[in-house]
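Below: the structure, in structure tokens.
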Amino acid sequence: MAIRKAQIFFGSNGTAAHLFYEPSNGAASDLVDAAVLDVIFPGLPHTPYFHELEKLVTAERAVMYIHYPGSWYSSGVFTPESCRNTVSEVVQLLQQGRVTDVYTGVEIRVSPKETVFVGNSFGGYLVYQGEHPHKRVLLAPLLVVNPEEATHPDTKKVLQKVSSSIREYPKSIFNVYRGISDPQWESFINDPASEKLLSRENAEVFVGEQDTLITTAYVADSLEGRSQYKLTTCPCGHDFQALYLAYVGNSDRK
């Protein structure tokens with residue numbers, strides 16, 4: 001059956017998302033009733049190749065791919081605060097149980113049996129820290145932001161990489177991230193005292209064995225004593241597609 005795609009806008013910050021799903025046999029095209037809806041909060045700089053996202057969809061699994069405010073297909077301004085607010089805005093959207101495709105005007109009912117918040121890299125930080133009732137799956141996640149909490153050399157290397165990457169965005173993809181020069185990013189990088197990692201339960205973490213940035217040592221340094229988590233390593237690097245498929249494979253075997 002053909003995979004359907006819808007673009008939606010929601011919240012007060014200009015957040016956008018693309019919803020990919022396969023209607024059930026005999027079901028109307030305006031109903032998402034898959035067993036699982038994975039809401040993907042991407043890393044930076046994410047590139048939304050729709051043909052790749054469509055490959056993630058099955059009759060049992062739908063995908064909602066988030067575009068943070070001020071990035072890609074969204075409106076608004078890309079700041080740390082607008083990114084954090086995206087999590088609560090998605091929660092409110094799903095509670096409504098309906099979304100509207102901005103291109104067709106069709107109202108789509110969203111009623112999966114389970115919703116999972118999947119955070120990749122920077123998105124992993126948002127999914128982990130954000131308040132929501134859904135299962136947390138973290139793919140090569142950014143976790144520790146406060147350098148005072150870092151005890152392992154791998155953690156310090158992650159912080160340095162995040163800092164240098166964000167500083168380079170205005171030179172390369174400024175139009176993709178509208179607001180990346182906002183002073184809030186300077187504070188996020190240089191004065192992250194308010195970014196202490198929270199305590200969470202039952203997060204699932206997937207890390208590439210060849211990832212030289214987000215390593216198992218980094219995850220342990222970040223989460224020890226703060227979270228009950230299950231760590232799975234995969235034969236890949238910092239690769240969203242490979243890590244996501246590993247998570248799906250684990251889920252299907254349960």
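The values are calculated or read from the model by the stated rules, or taken from the named source; none is laboratory data. None of the values given here were measured: they were computed from a predicted structure. All Cβ positions, glycine included, derive from the backbone under ideal geometry; neighbour counts span all protein chains shown.
Applying a threshold of 7 Å to beta carbon distances and a minimum spacing of six or more residues, or different chains, the list of pairs starting in region 29-43 at a residue that is closer than 18 Å to SER251 by Cβ and touching a residue at least 12 places away in the same chain (Cβ under 8 Å) and ending at one that is surrounded by fewer than 17 Cβ atoms within 10 Å (Cβ to Cβ) and acidic (Asp, Glu) reads ALA34/GLU60; ALA35/GLU60; ALA35/GLU114; VAL36/GLU60; VAL36/GLU114. Hey, any hits in region 26-34 for a residue that's farther than 25 Å from ILE214 by Cα, among the β-branched types (Val, Ile, Thr) and more than 15 Å from the chain's Cα centre (by Cα)? Yes: region 26-34 contains one or more residues that are farther than 25 Å from ILE214 by Cα, among the β-branched types (Val, Ile, Thr) and more than 15 Å from the chain's Cα centre (by Cα). Going by the conditions given, is GLY76 modelled with pLDDT of 90 or more and not aliphatic (A, V, I, L, M)? No. All of (1) in a helix (DSSP H, G or I); (2) at pLDDT 75 or above hold for LEU142 with one exception: (1). When PHE188 is tested against the conditions (1) in contact with a helix residue (DSSP H, G or I) (Cβ under 8 Å, 6 or more places away or on another chain); (2) at pLDDT 75 or above, the lone failure is (2). Within region 218-241, restricting attention to residues that are of a type in the set (Gly, Ala, Ser) and touching a strand residue (DSSP E or B) at 6+ places or on another chain (Cβ under 6 Å), the residue that is surrounded by the fewest Cβ atoms within 10 Å (Cβ to Cβ) is GLY237.
For region 102-143, name all the residues that are over 24 Å from ARG226 (Cα atoms) and either touching a residue at least 24 places away in the same chain (Cβ under 8 Å) or of a type in the set (A, V, I, L, M) (or both). Of everything in region 102-143, those that are over 24 Å from ARG226 (Cα atoms) and either touching a residue at least 24 places away in the same chain (Cβ under 8 Å) or of a type in the set (A, V, I, L, M) (or both) turn out to be VAL102, TYR103, THR104, VAL106, GLU107, ILE108, ARG109, VAL110, SER111, PRO112, LYS113, GLU114.
Could you go through region 40-58 and let me know if any residue there is more than 29 Å from VAL205 (Cα to Cα) and in contact with a strand residue (DSSP E or B) (Cβ under 7 Å, 6 or more places away or on another chain). No, that holds for no residue.
Applying the condition of being of a type in the set (D, E, K, R) and within 14 Å of the chain's Cα centre (by Cα) to region 60-91 and asking which residue is farthest from ALA16 (Cα to Cα) yields ARG84. Looking across THR115, THR100, one residue alone is surrounded by 13 or more Cβ atoms within 10 Å (Cβ to Cβ), at pLDDT 95 or above and either in contact with a Pro (Cβ under 8 Å, 6 or more places away or on another chain) or not hydrophobic (A, V, I, L, M, F, W, C) (or both). It is THR115. The residue that is modelled with the highest pLDDT, counting only those in region 209-234 that are under 16 Å from VAL127 (Cβ atoms) and small (Gly, Ala, Ser), is SER222. On the stretch given as region 92-141, residues that are over 15 Å from the mean Cα position of the chain (by Cα) and among the hydroxyl-bearing types (Ser, Thr, Tyr) total 4.
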